[in-house]
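Each remark here refers to the structure printed beneath this line.
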Amino acid sequence: MSRKVPKRILLKLSGEALLGGVDYGIDPEVINRIAGELRDVRELGVQVAVVIGGGNIFRGAGLAQAGMDRVTGDNMGMLATVINSLALQDALEKLGVHARVMSAIRINDVCEDYIRRRAIRHLEKSRVVILAAGTGNPFFTTDTAASLRAIEINADLLLKATKVNGVFSADPKKVPDAEHYPTLTYDQVLDKRLGVMDATAVVMCRDNDLPLRVFNVHNKGDLLRIVNGEDVGTLVTRVTDPGAEA
């Protein structure tokens with residue numbers, strides 16, 4: 001079913017999405033492709049914000065399990081997201097797209113501080129805003145940061161980029177006959193423990209009625225198709241058929 005093109009979106013990318021064919025860090029081919037798709041979306045007149053994880057460089061939660069202080073690990077993870085954000089900014093600017101990195105922790109020599117009104121102003125001027133360092137607090141994931149920032153900037157849609165084609169009843173790479181869900185409610189995601197995003201992020205989307213669409217970042221063109229209103233991946237909303245309320 002075709003739907004209206006959103007005015008403003010927030011894309012949540014995992015750090016692992018940037019790995020591509022490399023074992024660590026950033027695959028230039030992948031980040032350049034993502035930058036190109038963001039440029040195409042922006043050229044439709046859609047305002048674009050991005051939140052990136054840092055798992056391709058450092059995972060604080062993983063090292064905390066191995067004995068590192070959790071707060072220290074999470075702070076290191078926040079810095080990893082800044083590295084990824086700067087890389088995406090560079091890839092966008094090489095394509096002629098104006099972009100700004102805004103960090104939740106103060107790191108003024110390399111990017112701006114996150115200030116909500118300034119972020120919205122950048123979006124209104126058609127700049128891609130890359131929101132780094134999560135929420136700026138330990139113990140909160142970048143998924144939660146994505147939900148929070150999407151709500152703060154009044155995004156029409158939160159997009160979660162994953163490695164599979166939406167939400168399934170189990171990992172489709174391990175369970176080939178896992179059921180694909182074209183639509184879900186927030187409560188179904190929570191009740192079924194589907195692992196779309198962490199529970200805090202899903203609850204924030206539910207409580208603020210923020211639509212969430214989950215899609216495969218490795219399918220070239222899917223981002224543009226979603227923005228153009230096509231049913232790609234899985235849509236999570238308050239009701240299973242949001243068109244039924246129209």
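The values are calculated or read from the model by the stated rules, or taken from the named source; none is laboratory data. Everything quoted here is computed from the prediction, not taken from an experiment. The protein model used for the area step is the full one, side chains on, heavy atoms only, and it has no ligands, DNA or RNA in it. Shrake-Rupley method; radii C 1.70, N 1.55, O 1.52, S 1.80 Å.
Table for the structure above
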read-out: Cα-Cα pairs of segment 148-233 separated by more than 17 Å (percent); value: 48
read-out: Kirkwood Rh (inverse of mean 1/r, distinct Cα pairs), segment 3-72, angstrom; value: 14.0
read-out: Distance violations [Cα-Cα > 27 Å] among K12/K220; K4/K192; K12/K174; value: K4/K192
read-out: Accessible surface, the chain, averaged per residue in Å² (probe 1.4 Å); value: 47
read-out: Sulfur and carbon atoms: percent of accessible area, segment 104-227 [1.4 Å]; value: 47
read-out: Cα pair distances of the chain binned at 10 Å [whole percent]; value: 8, 33, 39, 18, 2, 0
read-out: Compactness of segment 85-206, expressed as Rg and Dmax over alpha-carbon positions, Å; value: 16.7, 50
read-out: Kirkwood Rh and Cα Rg combined as Rg/Rh, segment 9-152; value: 0.96
read-out: Accessible-area composition of segment 43-89, carbon plus sulfur, in percent [1.4 Å probe]; value: 56
read-out: Placed amide H near V232: partners under 5 Å, 5+ positions off or other chain; value: none
read-out: Reciprocal of mean inverse Cα separation for segment 135-197 (Kirkwood radius, Å); value: 13.4
read-out: Amide proton proximity set for V101, modelled H, under 5 Å, gap of 5+; value: E112, I130
